[in-house]
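**Q** Here's a structure for you.
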Amino acid sequence: EKVVNLFTFIAEEVREILAGLGFKSLNEIVGRSDLLRQVNRGSESLDDLDLNPILVQADPGENPRYCIKRERKDVPDSLDKQIIKDSLNLLRSGQKIQLSYAVKNTHRSVGTRLSSLITTEFKNNKFQEDHITIKLKGSAGQSLGAFACKGIRIDVTGDANDYVGKGLSGGTIILRPSLNSNLQTEKNTIIGNTVLYGATSGYLFAAGQAGERFAVRNSGAAAVVEGCGTNGCEYMTGGTAVILGEVGDNFAAGMTGGMAFVYDPEVVFENFLNPTSVASQNIETEYWINFLYSLVKKHADETNSSHAKKIIQQWPLEKDRFVQICPKEMLNKLKYPITNKVHLKDQAS
């Protein structure tokens, strides 16, 4: 409401200024570079600039200086359109739904239009996390599950491009390689760059590596992947990221919230960590050990990852091979502290 009031105030001020100059609308001054003049700022480094070349008055001829068309282009047909067509009546009846489709990399933002429908037409319904399950087989295009809301579960057998789970808003996304694949999931990429960009809630489980900038600006989603590229967890402000494999350079750069766990059996992770805003340590407390176990176990169950299953089977040994990464400014604010050691708490000050 305050933002709306501010914009209303600004609009009124602009109208008064225009009226004082003899103009009826903002459109009348579009392209009118003749109304601009260069001012003297009293600085040699600024006043020697000659802005005349960009103040030249362009002749529009018979054409208007501003856009007079108000056309809205229809959104092209997409896989989501078919998903909505197949699920709408079932959603209205309250039934749980499971649908299957082949997917290809020209199918972008699968699940986004469905999420829009659920949050508008069914906004008063309290759907469970798996109310509608979309099973996909193939290679999904960009922004798979972008802004997916609670109630939607997208289950992919194959792989996906960049921006998986962008703005994820309560949905669940699962990716696993095909059953006949002999690839080692922890050594092969299954999703692209900038996964979970700006996600606020929900889950992502991917049996494979992610690209660069994994979980950048994540603010609430929980995710498990089996490796990531450079700048993992960059500017992360909330949520949880678990990486069951190698990470790239500059991990946790600008991370100010949330929690991350990295599987580090070779004890090389510190070479890839940006320690400016975070503290790192082996997991010490029972709460966080159980917390991590539950996520890795869920990942193994959802993706059938043999790599994750091996870690679970040898958990008493493997738990000590994880590094816990926490923002320094959160160390003395956590409901469940990561350590009782004074030196880590001192880093928060």
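**Q** Evaluate the charge dipole of region 1-114 about its Cα centre and quote only its size in Debye, nearest 20, assuming +1 on the Cβ of each Lys and Arg and -1 on the Cβ of each Asp and Glu.
**A** Working: 18 positive and 17 negative charges, 226 e Å.
Taking the Cα centre of region 1-114 as origin, the dipole is about 1080 debye.
**Q** Along each principal axis of its Cα atoms, how long is region 197-298 end to end? Whole angstroms, biggest number first, please.
**A** Principal extents (largest minus smallest coordinate, Cα): 30, 27, 25 Å.
**Q** May I ask you to list, by number, the DSSP H helices of the chain whose Cα span along the axis is at least 15 Å and whose average Kyte-Doolittle hydropathy reaches 0.5 or more? All intermediate terms of the calculation are to be shown ahead of the outcome.
**A** Values: long enough: 2-20 (27 Å, 0.78); 79-93 (22 Å, -0.25); 286-303 (25 Å, -0.51).
Counting only whole DSSP H runs, the qualifying helices are 2-20.
**Q** Using square roots of five times the C-alpha gyration tensor eigenvalues, list the equivalent-ellipsoid semi-axes of region 92-237 in whole Å, biggest first.
**A** Details: eigenvalues 113, 66, 27 Å².
Those come to 24, 18, 12 Å.
**Q** Something else: Given a Förster radius of 45 Å and the C-beta distance between residue 63 and residue 11 as r, what FRET efficiency does 1/(1 + (r/R0)^6) yield to the nearest 0.05? Before the final figure, lay out each step's value.
**A** Values: r = 27 Å, r/R0 = 0.60.
Working from the Cβ atoms, E equals 0.95.
**Q** With every protein chain present, what is the per residue accessible area of the chain (1.4 Å probe, Å²)? Could the numbers behind the result be given before it?
**A** Details: 19840 Å² over 349 residues.
With the other protein chains kept in place, the chain gives 57 Å² per residue.
**Q** Related question: Take the cross-link list 104/309; 85/150; 96/126; 297/319; 298/319 and give me the ones stretching past 21 Å between alpha-carbons. Before the final figure, lay out each step's value.
**A** Values: 104/309 29 Å; 85/150 19 Å; 96/126 12 Å; 297/319 12 Å; 298/319 16 Å.
Where the Cα-Cα span goes over 21 Å, the pairs concerned are 104/309.
**Q** Suppose every Lys and Arg Cβ carries +1 and every Asp and Glu Cβ carries -1, with no other charges. What dipole size does the chain come out with about its Cα centre, to the nearest 20 debye?
**A** 1440
**Q** Over the chain, what is the relative contact order in whole percent, taking alpha-carbon pairs under 8 Å and six or more residues apart? Let's see the in-between values first.
**A** Details: 771 pairs, mean separation 28.8, N = 349.
Value for the chain: 8 percent.
**Q** With each pseudo-label sitting 7 Å past Cα toward Cβ, what's the residue 286-residue 102 distance in nm, one decimal?
**A** 5.4
**Q** Sticking with this one: Could you give the size of the charge dipole of region 114-249 about its Cα centre, using +1 on the Cβ of each K and R and -1 on the Cβ of each D and E, expressed in debye and rounded to the nearest 20?
**A** Values: 11 positive and 12 negative charges, 91 e Å.
For region 114-249, the charge dipole is close to 440 debye.
**Q** Alpha carbons only, please: Rg and Dmax for region 38-135, in angstrom.
**A** 26.2, 72
**Q** Excluding same-chain residues fewer than 8 positions from residue 24, which lysines have a Cα within less than 23 Å of its Cα?
**A** 69
**Q** Okay, moving on. Could you give the radius of gyration (one decimal) and Dmax (whole number) of the Cα atoms in region 46-103, in Å?
**A** According to the Cα coordinates of region 46-103, Rg and Dmax are 26.1, 71 Å.
**Q** Under a plain spin-label model, where a point goes 7 Å from the Cα along Cα-to-Cβ, how far apart in nm are residue 49 and residue 310?
**A** Label-label distance for residue 49 and residue 310, simple model: 5.9 nm.
**Q** Let me ask something else. Over the Cα atoms of region 105-152, what Rg and Dmax result, in angstrom?
**A** Computed over the Cα atoms of region 105-152, radius of gyration and Dmax are 11.3, 34 Å.
**Q** In the chain, what percent of the accessible surface is made up of carbon and sulfur (1.4 Å probe, ligands and nucleic acids excluded)?
**A** After summing per-atom areas, the C and S share lands at 50 percent.
**Q** Could you compute how much accessible surface residue 333 exposes when probed at 1.4 Å, giving the result in Å² to the nearest 10?
**A** Around 130 Å² of this residue is reachable by solvent.
**Q** Place the peptides 18-30, 263-275 in order of packing, highest mean first, counting for every residue the other Cβ atoms within 10 Å and averaging per peptide.
**A** Result, highest mean first: 263-275, 18-30.
**Q** Mind giving me the FRET efficiency for residue 181 and residue 4? R0 is 41 Å, r the Cβ-Cβ distance, nearest 0.05 is fine.
**A** Numbers: r = 52 Å, r/R0 = 1.26.
That gives a FRET efficiency of 0.20.
**Q** Percent relative contact order of region 1-157, based on C-alpha pairs within less than 8 angstrom and at least six residues apart?
**A** On the way: 155 pairs, mean separation 27.7, N = 157.
So the answer I get is 18 percent.
**Q** Also, quick follow-up: How much net charge surrounds residue 217 when only the other residues with a Cβ under 13 Å from the Cβ of residue 217 are counted, with Lys and Arg +1 and Asp and Glu -1? Write down the numbers at each step before the final one.
**A** On the way: positive: 166, 213; negative: 234.
Result for the neighbourhood of residue 217: +1.
**Q** Kindly provide the Kirkwood hydrodynamic radius of the chain in Å, to one decimal, from all pairs of distinct alpha carbon atoms.
**A** On the way: mean 1/r = 0.0428 Å⁻¹.
Final number for the Kirkwood radius of the chain is 23.3 Å.
The values are calculated or read from the model by the stated rules, or taken from the named source; none is laboratory data. This structure is a prediction, so every number in the text was calculated from the model and none was measured. Neighbour counts run over all protein chains shown; Cβ positions are idealised from the backbone, glycine included. For the accessible areas, the whole protein counts, side chains as well, though only heavy atoms, and no ligand, DNA or RNA atoms are used. Shrake-Rupley method; radii C 1.70, N 1.55, O 1.52, S 1.80 Å.
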